[in-house]
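Novice: Supplied in structure tokens, the structure appears directly below.
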Amino acid sequence: MRASWVGFIVMRMKPRYGRSVLVVVVIMAVVALAVVMARGRSVNTRLRSYQASMKSDLVHLREFEQQYHSENGRYTVDVDTTKVRWSDGVHLVDLQVSADGWAAMVRHTSAPGTCSIEVSAANPGTPACP
């Protein structure tokens, strides 16, 4: 009788590896899904931060151009005289000046696309990133 009692305990203590492996696989799948979702949000957040830095630089350029126009009666194309400090990775692609306004386009080295601004007497100029 004692042998059957010990055998019963040994059988109950026998590990069930199949169930443990299944639990680990399910947990790994949930973690992988969470990582994929977080990665997508991270990329989108990074792109928005690059666009924000480009828009900020265009606003600084607009303020300088307005100040330069009020002092000299014209807009400038010379980027060196603007004294605008560009954010890291932001580069001026195009700056065009006309009699009644100006337009500029900037690009970030790590972001696709460009941001631009157009300023005239009728349009105060709001930076836009398509």
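The values are calculated or read from the model by the stated rules, or taken from the named source; none is laboratory data. Because the structure is a prediction, the values reported are computed rather than measured. Cβ sites come from the backbone with ideal geometry, for glycine too, and all protein chains shown count toward neighbours.
Novice: (1) surrounded by 12 or more Cβ atoms within 10 Å (Cβ to Cβ); (2) at pLDDT 85 or above; (3) under 25 Å from SER120 (Cβ atoms): which one isn't true of GLU63, the others all being true?
Specialist: Of the numbered conditions (1) surrounded by 12 or more Cβ atoms within 10 Å (Cβ to Cβ); (2) at pLDDT 85 or above; (3) under 25 Å from SER120 (Cβ atoms), the odd one out for GLU63 is (1).
Novice: Next question. Of the numbered conditions (1) assigned to a helix (DSSP H, G or I); (2) basic (Lys, Arg); (3) surrounded by 11 or more Cβ atoms within 10 Å (Cβ to Cβ), ARG39 satisfies every one except a single condition; which is it?
Specialist: Only one criterion is unmet by ARG39, namely (3).
Novice: Step by step: first the residues of the range 102-130, then only those that are over 26 Å from VAL43 (Cα atoms) and modelled with pLDDT of 90 or more, then the one that is farthest from the chain's Cα centre (by Cα). Which residue is that?
Specialist: Selected residue: TRP102.
Novice: Determine whether the range 100-110 contains at least one residue that is in contact with a helix residue (DSSP H, G or I) (Cβ under 6 Å, 6 or more places away or on another chain), more than 16 Å from ALA121 (Cα to Cα) and assigned to a strand (DSSP E or B).
Specialist: Checking the range 100-110: at least one residue is in contact with a helix residue (DSSP H, G or I) (Cβ under 6 Å, 6 or more places away or on another chain), more than 16 Å from ALA121 (Cα to Cα) and assigned to a strand (DSSP E or B).
Novice: Within the range 47-57, can one find any residue that is crowded, with 17+ Cβ neighbours inside 10 Å, in contact (Cβ under 8 Å) with a residue 12 or more places away in the chain and in contact with a helix residue (DSSP H, G or I) (Cβ under 8 Å, 6 or more places away or on another chain)?
Specialist: So far as the range 47-57 goes, no, none of its residues is crowded, with 17+ Cβ neighbours inside 10 Å, in contact (Cβ under 8 Å) with a residue 12 or more places away in the chain and in contact with a helix residue (DSSP H, G or I) (Cβ under 8 Å, 6 or more places away or on another chain).
Novice: To continue, here is another question. Tell me which residues, restricted to the range 74-99, are out of contact with any Asp or Glu (no Cβ under 7 Å at 6 or more places or on another chain) and part of a strand (DSSP E or B).
Specialist: Scanning the range 74-99 gives HIS91, LEU92, VAL93, ASP94, LEU95, GLN96, VAL97.
Novice: Is it true that SER56 is closer than 27 Å to ALA121 by Cβ, in a helix (DSSP H, G or I) and not hydrophobic (A, V, I, L, M, F, W, C)?
Specialist: The answer is yes for SER56.
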